[in-house]
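A.B. asks: Sharing a structure with you now.
Each reported figure results from applying straightforward, stated rules to the coordinates on display, with no laboratory input. Everything numeric here is computed off the predicted structure, so don't read it as measured data. Note: ideal-geometry Cβ built from the backbone for every residue, glycine included; neighbour counts use all protein chains shown.
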Number of protein chains: 2
Amino acid sequence: MTTKTPQTIREQCKKAYDASKLLISLNTQEKNELLLKMAQSLVDSCSIILQENENDLVEGKKKGTSDYLLDRLKLDATRVAGIADSIRTISTLDDPIGEVMSEWTRPNGLNISKIRVPLGVIGIIYEARPNVTADATSLAFKTGNSIVLRGSSSAYRSNKAIVEALKAPLIESGFNSDCIQLLEDTTREGVKYFVKMNDYISLIIPRGGASLIQSVLKEASVPTVETGVGNCHVYVDKDANLEKAKAIVFNSKTHRPSVCNSCESLVIHKEIADVFLPDTIEELQKAGVEIHGCKITQSLGKNILEASDEDWGQEYLDLTISIKVVASPEEAIEHISKYGTYHSEAIVTENTQTSDIFIKQIDASAVLVNASTRFTDGGEFGFGAEIGISTQKLHARGPMGLPEITSYKYIVKGTGQIRS
Amino acid sequence: MTTKTPQTIREQCKKAYDASKLLISLNTQEKNELLLKMAQSLVDSCSIILQENENDLVEGKKKGTSDYLLDRLKLDATRVAGIADSIRTISTLDDPIGEVMSEWTRPNGLNISKIRVPLGVIGIIYEARPNVTADATSLAFKTGNSIVLRGSSSAYRSNKAIVEALKAPLIESGFNSDCIQLLEDTTREGVKYFVKMNDYISLIIPRGGASLIQSVLKEASVPTVETGVGNCHVYVDKDANLEKAKAIVFNSKTHRPSVCNSCESLVIHKEIADVFLPDTIEELQKAGVEIHGCKITQSLGKNILEASDEDWGQEYLDLTISIKVVASPEEAIEHISKYGTYHSEAIVTENTQTSDIFIKQIDASAVLVNASTRFTDGGEFGFGAEIGISTQKLHARGPMGLPEITSYKYIVKGTGQIRS
């Protein structure tokens, strides 16, 4: 939690950059072996990590940090073991580096291939979740990237202990451990400086709440990938199977309300509203969900607050849902296009003509048909790991796995060709 | 060349954004037919375009614009016909939109596909080259993207005439022509406002000199793709075929010195310097090339200026070259890594072990073996078109063709799946 000068940030970024050149020399097997050793080192360092985590928690309590935030910060032996397991999983995934993405020969005999390469240095700015420290580091290491971690000051001791455990096997094997950098400067001013390190950093990923992401995007000159804000809708069409619809709405809303792929708003066709809503509203309310609805919705249940314009644009991240009755799929698409955040949007319908229009017209990283919004996830997509869910269109969209934190280069092989 | 308020910029960007939703409804055949009509319309409007171009030229001369810049600005009937031909070529290229990039089924039965979609709205900021107006517009249209053109004030009349010609077939066929916007505001202040239109623009591509690009990158909050600065090297290894090497150096330097993929610096192994350099230097000098060299280079030719540190980092874009003698391929790689701009780097060698090391360690969008740096080009790569050459690692690297100005989305089809 030390405050350092901008110079320190530049130095740490440069170290990461220089070390990224060395990472290129590691082959897949070497990287995997080191990852397994990192996992073991975390387990071996568990007591130190928990002690430092306890120090963070004590300080956090002193400062009046909310129980919710303290809970996210808190580690125990099971959580540390879980983090180590994630690293082991990453070691088993296919290594994207070196993949020949395409290859062709030109009429003049030039052979051109497009090869997957590391990005170089990835920066990540995140909140007080110590598991992100290990996740991001191991994903970067697997893809041959250096990482610069800018964690929250309230988790600095935990992060430092984790980073030291992860670095230990590199140091032991005589490999330069500068490819893992935890920024010592955890000030807000420091972030502004960090996101302008274009000389050294190829990509910055902000992970956290909307305000963190927006402030990073505003300040950054390093390319960023915007992650995470999800005002996700489920649209229940008049041709929906209502049993499926009820299960999908319930699951999308209540399975884990605090995450970005949970449903924040139910949009429903007026022809089935009076059949579908009364039961669904009751069931949601039984599960503790607060309902904000349009006028028709209010007439179909009890204790329903009137939804304001603000509700339609709201990412509650909580047991709250807004409900809007619409006259047609077109109106649903219009409503979702107005208030959605390009994350995940679901339709429930048995009518493929309607779902095809929805798929085509909805602009989102994932469009789901007859499935819970909760499936927009690296693990559920089968990527084995996830560094975030991109809600932008450039570089990567949706769940980002290993290939999404790589770049490519073209290799052009000739026999003396010149341009005429 | 009117100066408008920021509000006008926002309105034009919003129009482009709204129109981008309509572009999704056009199929490949419809887009191609409209492109052919745009090409014809350009030819039909040739006299108006040339007249407006003449107006721009007269104004430019009054303002004392250099002959070089006036030459880039100047159009004639042959150039206009060439621009129209480029559009016809773009109409024949494969349409990337709708391509199923990958598809798989999860154990729970969810079918996931990754589908190529338009980015939405592309912004382009460029200098006084009216051909870019038509090129960028047709590439965007082919990929279902709206375009917002921010051309130079000195080409405003030419650009406006071209844009009107391109819009005419859309208007005639009853299609909304707002997908093509030429910013009426061509002030410097306007650019600062334009590059922050995140609500409407998905990607901004700055095309022009280093200072234009740097100022855009500094101000932009919209994601950008950095294009064009190329301090490209040719390294002639001790195991080079010297005939090939001479031809490649000569071609890379003199074929078209003003473009980004031309060679700015020759790096040569000391063991062959005294055999290779005297002839090569003489031949380059005969072609009008000015030589800036290290001490050894100076001893091997006449009229060679001493190269300063500034020379090694210089993109001359002219008939000038720097020459550096090195002791090993490793030193060559180190030198190129220090001064290169991640664009195109070539090695000339018959030793595949050496070229493999060079390929692996050089960080550039294209690494060329025994071929001229001039081959880093969308046309030469077989892409059929090019919107720029990216020197960044995110999203797109190297020559950018049609797929590089698209995004993708995931379609998840289920039968009622929920997460447990």
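A.B. asks: Would you work out the charge dipole size for chain B about its Cα centre, treating the Cβ of every Lys and Arg as +1 and the Cβ of every Asp and Glu as -1, and quote it to the nearest 20 debye?
C.D. replies: 1480 debye
A.B. asks: Here is a follow-up. Would you mind pulling out the separation of the Cα centroids of the range B:47-106 and the range B:162-211, in Å?
C.D. replies: After rounding, the separation between the Cα centres reads 14 Å.
A.B. asks: What angle do you read, to the nearest 10 degrees and between 0 and 90, between the alpha-carbon axis of helix A:130-142 and the longest principal axis of chain A?
C.D. replies: Approximately 60 degrees, to the nearest 10.
A.B. asks: How large is the dipole of the protein assembly as shown about the Cα centre if only Lys and Arg carry +1 and Asp and Glu carry -1, each at its Cβ, rounded to the nearest 20 debye?
C.D. replies: 560 debye
A.B. asks: Along Cα→Cβ, 7 Å out, is where each label goes; now give me the distance between the ones at B:SER420 and B:LEU22 in nm to one decimal.
C.D. replies: According to this spin-label approximation, the distance is 5.0 nm.
A.B. asks: Pairwise over distinct Cα atoms, reciprocal of the mean inverse distance: report the Kirkwood radius of the protein assembly as shown in Å, one decimal place.
C.D. replies: Result for the protein assembly as shown stands at 28.9 Å.
A.B. asks: Based only on Cα atoms, what mean projected area does the convex hull of the range B:232-377 have, in nm²?
C.D. replies: Average of the hull's projected areas for the range B:232-377 equals 7.1 nm².
A.B. asks: Same structure again: Across the range A:288-405, how many lysine pairs separated by 8 or more positions, or lying on different chains, have Cα atoms within less than 17 Å?
C.D. replies: 5
A.B. asks: Specify which residue in the list A:LEU266, A:GLY288, B:ASN55 is farthest towards the positive end of the charge dipole of the protein assembly as shown, using unit charges on the beta carbon of Lys, Arg (+1) and Asp, Glu (-1), about the Cα centre.
C.D. replies: The one lying farthest along the dipole's positive direction is B:ASN55.
A.B. asks: Considering the options A:TYR339, A:SER390, A:SER328, tell which one lies farthest towards the positive end of the dipole of the range A:321-401, charges being +1 on Lys and Arg and -1 on Asp and Glu at the Cβ, about the Cα centre.
C.D. replies: A:SER390
A.B. asks: Here is a follow-up. For helix B:46-62, report the angle its Cα long axis makes with the longest principal axis of the Cα atoms of chain B; keep it between 0 and 90° and round to the nearest 10°.
C.D. replies: Between helix and principal axis, roughly 60 degrees.
A.B. asks: Between B:THR105 and A:ASN55, what is the spin-label point distance in nm, taking each point 7 Å from the Cα along the Cα→C-beta axis?
C.D. replies: According to this spin-label approximation, the distance is 5.4 nm.
A.B. asks: Related question: Among B:VAL117, B:GLN298, A:ALA210, whose Cα lies farthest out toward the positive end of the dipole of the protein assembly as shown, if unit charges sit on the beta carbon of Lys, Arg (+1) and Asp, Glu (-1)?
C.D. replies: A:ALA210
A.B. asks: Take the alpha-carbon centre of the range A:11-45, take the same for the range A:249-283, and report the distance between them in whole Å.
C.D. replies: The range A:11-45 and the range A:249-283 have Cα centres separated by 45 Å.
A.B. asks: Using just the alpha carbons, could you tell me how many Å³ per residue the convex hull of the range A:105-223 encloses?
C.D. replies: Cα-based convex hull of the range A:105-223, divided per residue, equals 142 Å³.
A.B. asks: Label-to-label distances across copies for A:GLU310, with labels 7 Å out along Cα→Cβ, in nm, shortest first?
C.D. replies: Nearest to farthest, the other copies are at 5.8 nm.
A.B. asks: Can you give the mean number of other chain Cβ atoms that lie within 10 Å of the Cβ atoms in peptide B:356-365?
C.D. replies: 3
A.B. asks: Measuring from label point to label point, each 7 Å out along Cα→Cβ, what is the B:LYS218 to B:ARG10 span in nm?
C.D. replies: 2.6 nm
A.B. asks: Now a separate question. If you put a point 7 Å past Cα along the Cβ direction, how far is that point for A:ALA327 from the same point in each other copy, in nm, smallest first?
C.D. replies: Distances between equivalent label points, in nm: 8.2.
A.B. asks: Determine the shielding of peptide B:369-381 by partner chains: average, over its residues, the number of Cβ atoms on other chains within 10 angstrom of each Cβ.
C.D. replies: Partner-chain Cβ atoms within 10 Å, mean over residues of B:369-381: 5.
A.B. asks: I need to check one value: relative contact order of the range A:232-380, counting alpha carbon pairs closer than 8 Å and at least 6 residues apart, in percent.
C.D. replies: That works out to 33 percent.
A.B. asks: Rounded to the nearest 500, what is chain A's calculated 222 nm mean residue ellipticity when only DSSP H runs of at least 4 contribute -39500 (n - 2.57) each, over all residues?
C.D. replies: Result for chain A, helices only: -13500 deg cm²/dmol.
A.B. asks: If you don't mind, there's one more thing I want to ask. Determine, from the Cβ-Cβ distance of A:GLU306 and A:SER211 and an R0 of 22 Å, the FRET efficiency 1/(1 + (r/R0)^6), rounded to the nearest 0.05.
C.D. replies: According to the calculation, E is roughly 0.25.
A.B. asks: Assume the label is 7 Å from Cα along Cα to beta carbon: what separations in nm does A:ALA77 have to the matching positions in the other copies?
C.D. replies: Values, ascending and in nm: 8.9.
A.B. asks: Right, another one. Consider the operator that turns chain A into chain B: which A residue has a Cβ nearest its axis, and what is that gap in Å?
C.D. replies: Its Cβ sits closest to the axis: A:HIS395, 2.
A.B. asks: Oh, and also: If you count, for every residue in A:393-400, the Cβ atoms of partner chains within 10 Å of its Cβ, what is the mean?
C.D. replies: 6
A.B. asks: Give the angle, between 0 and 90 degrees and rounded to the nearest 10, that separates the Cα long axis of helix A:352-361 from the longest principal axis of the Cα atoms of chain A.
C.D. replies: On a 0 to 90 degree scale, this one is about 50.
A.B. asks: Among the listed pairs B:LYS15/B:LYS192; A:LYS142/B:LYS238; B:LYS63/B:LYS253; A:LYS409/B:LYS14; B:LYS114/B:LYS196, give every one whose C-alpha distance is greater than 24 Å.
C.D. replies: As for pairs spanning more than 24 Å Cα to Cα, those are A:LYS142/B:LYS238; B:LYS63/B:LYS253; A:LYS409/B:LYS14; B:LYS114/B:LYS196.
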